[in-house]
Structure formats: C-alpha cells, structure tokens
Amino acid sequence: MSGFSYVIKRNGSKVPFTIDRITNAIYRAAVAIGERDKNVAKELALKAVTCLEATYPPDHNPHIEEIQDCVEETIIKQGLAELAKAYILYRSENKKRRDERARRFNYEDNIPWEKIWRTLRWAVNHDLHSIEALNARIAKGQFADIVQESEAFYHSQVSDAADMILDRSDSVRMVFVSGPSSSGKTTTTIKLEQKLNREGLRFVSLNVDNYFFDLSMHPRDEFGDYDFETPQALDLALINDHLRRLMAGEEILVPRYDFPTGTRFPDQTPLRMHPGDILLIDSLHGLNRDFSKDIDDRMKFRLYLEPLMQMQDRDGTFIRWTDIRMMRRMLRDEKFRAYNPEQTLLHWHYVRASEMRHIIPNNIIADMIINSAMPYELPIYQPQLVDHFAQWQRTYKDEPLREDAYNRAKRIYEVLKQISPVHSDAAVPTDSVIREFIGGSSLKYH
C-alpha cells in the first residue's frame, strides 16, 4: 500500500489518499466503452500508484492532476488503447465542465432562449418572478390561485405536446419522455397517454428500469455509493435489440430487475406491438443517441422535461433547476423508497455529473420541451426541508470530501429561509405532477 497520506485537490484542499478513488475513476472510464471487469481496474490502479511512487518521494502529497497523469500513462503503457481514449475523454470533459463553471456558464443554457423567455414572461405576468413577489401573493391569501395558475400553464404545454404527436400520428411509432431526475417524467407520461387515448391512439409501455445491469457490475466510490445515473448502467445493446424487434412486429421477453437484490432476471415478460400501437418510454436517457440508434428518427417523438422556474431570490440570483429537482427527489425517496434526504444530498454529485454529461446536452434534439416547475412547490417544501439544510451546512462545512454536499446545502438553505412556508398541500390537485414527489396522488404509478 502506498505511503502517500493526502491528495491535493484543485482548490488547494487536502483529502485522504485512497486507491479506491483511482480504481473507481478507471472503472468508470471502462464502463463507458462497455468493459466491466473491476479486477482489471484495480490492477491498473495499483500500477498507477507504482508510477506515482517512482516519480515522487514518500512525503509528497500528490496533486490530483499528477495522479491522473500517472493513470493515463499506465493505461497507455498497458496497450489498452480504447480505455486510454475513454480516460483521456473523461479528463477532458471534466476540465471542460470546470472551465464552464468558472465562466458561470451552465449546461442548462441548452434550453432554447425562446422557451426561457416564455417562461419568464409568464412568471412576470403572474407576479411569480421573485421570492418577494411569491411571498406577497401568499400573504394576500392567494396560494390556491397560484396553484391553479401554475397547473394551467403546465397542462397547456402537455396539450401542445399531444397535438404535435397527433399531427405526426401517421409516422410516429415511439414516444420518449425524457429529462433529468425528478423532472416529472412519470406524471407527464401518464397525462400525455390519457390525452392521446381519448383521441384514439393506443400505447404500449416499456419500463427500461428492467434493463439495468446487475448491481455487482456498477462502479462504487470510497463511500460505497453506486452510480445508477449513467446510461452505461443500462444494457443499451439489449434495449436497442428489443426496440428493433418490437418495431418489426416481433415478440420480445422483457427482463425483470429486482431492486432489493440488484439482480436482473432475463426473459420474463412477453411484449409485442400490434399495428397502430405506439411504444411509450419514460426514461432519463431516452434522448441519448445510443438508446435507440437502430430506429429511424422519423418514427420517434421526443419530449424533454425540466422545471424551468424563472424566480429570483432577494440577491437577484435565479433559483437553480437542479436544486428544485433535488428537493423533489428528497421528498419522494423518503416517502416511497426508504431513502432519507441526507442520502439524496450525498448522492446528488453522481446525479448532477451524469445529467450534465449524458442528459441535458441531448435536449437539443427534443421535439418539444415542457416546463414542469410549479412556483407554489417551494412554499410546500420549505417547512419540510429548511431545518435539514440548515443542519447539513453545519455538518459538512469543514469536510473536504463532502464539499459538494456543503455547497448545495448552503445555497438551498439561503433560498428556503427567504420563502414563506405553506404547511398544507390541500390546494394541490391530486393528479398534479407535484404529487409524484409529496404523495397523495390519484394517479397509479408503475
């Protein structure tokens, strides 16, 4: 085992040196090219540490870039060209994201400006463009009105998407509802199907969660956390094969994924499409080109969701969409998945890294983007979460390995403490997209 004690991060802070972090980085690059041998990743990590030891004295605290240089050199020396390319790309993309953050650029800028402008104009017209304006309306007893206005805006967009699909119903055979975690895909998929069923269209649903690889094949970090958010967590080759066969009118056997054990059981449920059927898929990665690369694009309708809230805090900073989604997921996972909010906070770095790399950039190929944000959701979340975020910013303030959790907790706490709390969700319709996260929905989720 190496004698190095610490690693110097890019911001100058020190964290404990551990080979597990190196192993995990190599394995993540390997997964990106379809390789899932953790033993090979560990062997390469050991060789990279040997490279470090040959280059630097034992009392040296290596910089993260020095470690990555040795990893890159090691992979190249082993003659693993594809893995070397994947790792170099991994480093390059990480640097690109850091540079973009330094320029205050956000991947969310991929959303067309016309969509942002329409959303902002709606918010201004309804006095919901700032926390101050929101609080003022709540103080006037207008919370139920805010709910009604927000729901109407969302439903108008779902209706527009349904109309677009109807206009292309002679060619569309697959509808993808995609978007990052907790953007409201499940509820929107149900509502879209309901609207189109009334117009005579028939849908067949495919749950792609059943195509996850076994848990043992996923990378883990030094905290024991798994990365489910990358598209490589799914068996993309099998998904493509099944989509191709369904479009050809063949019967497939859909696997079943058992989440408690992290095991996939193959060939479980028969599925076939009949003439006139449309395949409906709700997935994080539905817009990923590798997801359905063998299917003609003319047969697809691609819908993308994001809570595009245009609301400023008292400092004039817009509330971040990713923060809204994280709060949604905290409430949903605690209520329905026995996953406490702190675990969601600590896992969010994986969620965010994957969506910035694999989900958000793909929204440029969407046929339509729906804004799922409800300005009234923040006052409902406030009393449930504000104390948690206050505690987390204290807990993780001086922990270098939890810098991401601290920054998020601090930022969201500063927002939540400005918002007037609403303690009852009685005004929220039982079929609202927000019910997907807070509970009490009249819709049946599968």
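The values are calculated or read from the model by the stated rules, or taken from the named source; none is laboratory data. What you see is a predicted model, and the numbers here were worked out from it, not measured in a lab. Reconstructed Cβ throughout: ideal geometry from the backbone, glycine too, with neighbour counts over all protein chains shown.
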Determine whether Ser432 is assigned by TED's automatic domain parsing to the domain that holds Thr188, touching an Asp or Glu at 6+ places or on another chain (Cβ under 9 Å) and assigned to a loop (DSSP other than H, G, I, E, B). yes
Can you find a residue that is among the β-branched types (Val, Ile, Thr), in a helix (DSSP H, G or I) and surrounded by fewer than 16 Cβ atoms within 10 Å (Cβ to Cβ) anywhere in region 351-361? no
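Okay, residues lined up against (1) part of a strand (DSSP E or B); (2) in contact with an Asp or Glu (Cβ under 7 Å, 6 or more places away or on another chain); (3) touching a residue at least 60 places away in the same chain (Cβ under 8 Å):
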position	(1), (2), (3)
Thr261	no, no, no
Ile281	yes, no, yes
Asn288	no, no, yes
Leu305	yes, no, yes
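Among the residues of region 110-164, write down those that are among the small types (Gly, Ala, Ser) and within 27 Å of the chain's Cα centre (by Cα).
The answer is Ala123, Ser130, Ser150, Ala152, Ser156, Ser159, Ala161, Ala162.
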Tyr339 vs. criteria of a type in the set (Ser, Thr, Tyr), more than 22 Å from Val422 (Cα to Cα), in contact with a helix residue (DSSP H, G or I) (Cβ under 6 Å, 6 or more places away or on another chain) and at pLDDT below 90: yes
Which of the numbered conditions does Arg289 fail, given that it passes all the others? Conditions: (1) modelled with pLDDT of 95 or more; (2) closer than 24 Å to Ser205 by Cβ. (1)
Is it fair to say Ser432 is modelled with pLDDT of 95 or more, over 21 Å from Ala136 (Cβ atoms) and hydroxyl-bearing (Ser, Thr, Tyr)? yes
The number of residues in region 166-183 that are under 18 Å from Met247 (Cα atoms) and outside any strand (DSSP E or B) is 6
In the set Pro379, Pro383, which member is surrounded by fewer than 16 Cβ atoms within 10 Å (Cβ to Cβ), in the same structural domain as Asp323 (by TED's automatic domain parsing), in a helix (DSSP H, G or I) and modelled with pLDDT of 95 or more? Pro383
In region 276-332, anything of a type in the set (Val, Ile, Thr) and closer than 15 Å to Ser178 by Cβ is listed as Ile281, Ile295
Does Lys417 meet the test of being buried (at least 16 other Cβ atoms within 10 Å of the Cβ), among the charged types (D, E, K, R) and within 21 Å of Asp313 (Cα to Cα)? no
Hits in region 278-289 - residues which are in contact with a Pro (Cβ under 8 Å, 6 or more places away or on another chain) and surrounded by fewer than 23 Cβ atoms within 10 Å (Cβ to Cβ): Asn288
Mind counting the residues in region 420-446 that are among the charged types (D, E, K, R) and exposed (fewer than 13 other Cβ atoms within 10 Å of the Cβ)? 1
Looking at region 256-277, which of its residues are more than 11 Å from Leu206 (Cβ to Cβ) and buried (at least 18 other Cβ atoms within 10 Å of the Cβ)? Tyr257, Arg264
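Consider region 290-303. How many of its residues are assigned to a loop (DSSP other than H, G, I, E, B) and surrounded by fewer than 20 Cβ atoms within 10 Å (Cβ to Cβ)?
Count: 5.
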Mind checking which residues of region 43-75 are within 30 Å of Asp290 (Cα to Cα) and surrounded by fewer than 16 Cβ atoms within 10 Å (Cβ to Cβ)? Glu43, Glu73
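Please go through region 129-162 and pick out each residue that is hydroxyl-bearing (Ser, Thr, Tyr) and assigned to a helix (DSSP H, G or I).
Ser150, Tyr154, Ser156, Ser159
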